[in-house]
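The values are calculated or read from the model by the stated rules, or taken from the named source; none is laboratory data. This one's a predicted model, so the numbers in the text were calculated from it and none came from an experiment. Cβ atoms come from the backbone with ideal geometry, glycine included; neighbour counts cover every protein chain shown. The accessibility values were calculated without ligands, DNA or RNA, using every heavy atom of the protein model including side chains. Shrake-Rupley method; radii C 1.70, N 1.55, O 1.52, S 1.80 Å.
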Amino acid sequence: MIKGCIFDLDGVIVDTAKYHYLAWKELADDLGFEFTEKDNERLKGVSRMRSLDILLEVGNKTFDEASKLKFAENKNKRYLDYILNMTPDEILPGVLDFLDDLRSKNIKIALGSASKNAMTILNQLKLKNYFDVVIDGTKVSKAKPDPEVFLKGAEALHLKPEECIVFEDAEAGVEAAIKGGFKCIGIGSPENLGNANYVMKGFENISFDELIYKIEH
Ligand code: BG6
Ligand code: MG
């Protein structure tokens, strides 16, 4: 029986990918190479330092660790400028109704995100109070597709993985959820999230009960 839901943040609750893109692109501009929205797809669900490695691979550049840390810090400052201007209007369609539906049914709610900025984003969106538990990039040592972030979420909710549904938009996140023994709903397209138990575009017009029916049939 499902007793808890664990949500990824970026791409599930809010579209922060566009801000990550703008901040990374500004860094690429400084370093003198082009970084496209298509390249940015590769960064979804990926940790900050791994994202930087992918960006530098695109630009065919190599730097020592100290310079890379400075670049990542610099990117994060730019990213923060964007997210500190975010408002609750940016919560993706249907998410608030879905969270309210979960609450009315006493389903526990956790966040399972790779981002070290997750608390800042939840604050901006005024969503903090919905979450019984927040596991973010400051609390995990292994990146998705390792299931650590979701296992810690389930443990903090005092639930077993098989009692939780994970919502994920990134391939690595779906893999992490399945590896951890969770049911997984992919948010996006079945082309890349095919391993999830069910894939949907977003949370509009779907209730918790309908979702349970879909993953069981
Ligand atoms: C994930 C995003 O949620 O968080 C990635 O999908 C991002 O694109 C990662 O790189 C780390 O985020 P942050 O906010 O700690 O730089
Ligand atoms: Mg995501």
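Given the options ASN60, ASN106, name the one that is within 30 Å of TYR213 (Cβ to Cβ), free of Cβ contacts under 8 Å to residues at least 60 places away in the same chain, open to solvent by 80 Å² or more (accessible area, probe 1.4 Å) and away from ligand 1 (no atom under 16 Å from the Cβ).
Answer to the selection: ASN106.
Scanning the range 28-38 for residues that are modelled with pLDDT of 95 or more and surrounded by fewer than 19 Cβ atoms within 10 Å (Cβ to Cβ), which turns out nearest to ligand 2 (Cβ to nearest atom)?
THR36
Quick one: what pairs do we get from the range 109-124, first residue more than 17 Å from LEU92 (Cβ to Cβ), second part of a strand (DSSP E or B) and more than 6 Å from ligand 1 (Cβ to nearest atom), C-beta under 6 Å, 6+ apart or different chains?
Close Cβ pairs satisfying both conditions: ALA110/ILE6; ALA110/VAL133.
For (1) of a type in the set (Asp, Glu); (2) modelled with pLDDT of 95 or more; (3) within 16 Å of ligand 2 (Cβ to nearest atom), each residue gets a yes or a no:
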| position | (1), (2), (3) |
| --- | --- |
| THR16 | no, yes, yes |
| SER51 | no, yes, yes |
| ILE54 | no, yes, yes |
| ASP64 | yes, yes, no |
| TYR82 | no, yes, no |
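Under the condition of being in contact with a helix residue (DSSP H, G or I) (Cβ under 6 Å, 6 or more places away or on another chain) and open to solvent by 20 Å² or more (accessible area, probe 1.4 Å), which residue from the range 73-103 is nearest to LEU211 (Cα to Cα)?
Among those residues, the one meeting the criterion is ASP101.
Considering (1) of a type outside the set (D, E, K, R); (2) at pLDDT 95 or above; (3) touching a Phe, Trp or Tyr at 6+ places or on another chain (Cβ under 6 Å), say which one TYR21 fails and leave the rest.
Going through (1) of a type outside the set (D, E, K, R); (2) at pLDDT 95 or above; (3) touching a Phe, Trp or Tyr at 6+ places or on another chain (Cβ under 6 Å) one by one, TYR21 breaks only (3).
Condition test on LEU151, is it farther than 24 Å from LEU80 by Cβ, open to solvent by 20 Å² or more (accessible area, probe 1.4 Å), outside any loop (DSSP other than H, G, I, E, B) and outside the structural domain of ARG48 (by TED's automatic domain parsing)?
Judged against the criteria, LEU151 is a match.
Filter the range 1-27 for residues that are within 17 Å of the chain's Cα centre (by Cα) and part of a loop (DSSP other than H, G, I, E, B); which is surrounded by the fewest Cβ atoms within 10 Å (Cβ to Cβ)?
Among residues in the range 1-27 that are within 17 Å of the chain's Cα centre (by Cα) and part of a loop (DSSP other than H, G, I, E, B), the one surrounded by the fewest Cβ atoms within 10 Å (Cβ to Cβ) is ASP15.
Just a yes or no: is a residue in the range 5-20 over 18 Å from GLY112 (Cα atoms), near ligand 1 (Cβ under 9 Å from one of its atoms) and free of Cβ contacts under 8 Å to residues at least 24 places away in the same chain?
no
Just checking, does the range 117-140 include any residue being closer than 22 Å to GLU73 by Cβ, open to solvent by 30 Å² or more (accessible area, probe 1.4 Å), in a loop (DSSP other than H, G, I, E, B) and away from ligand 2 (no atom under 16 Å from the Cβ)?
Yes, the conditions are met somewhere in the range 117-140.
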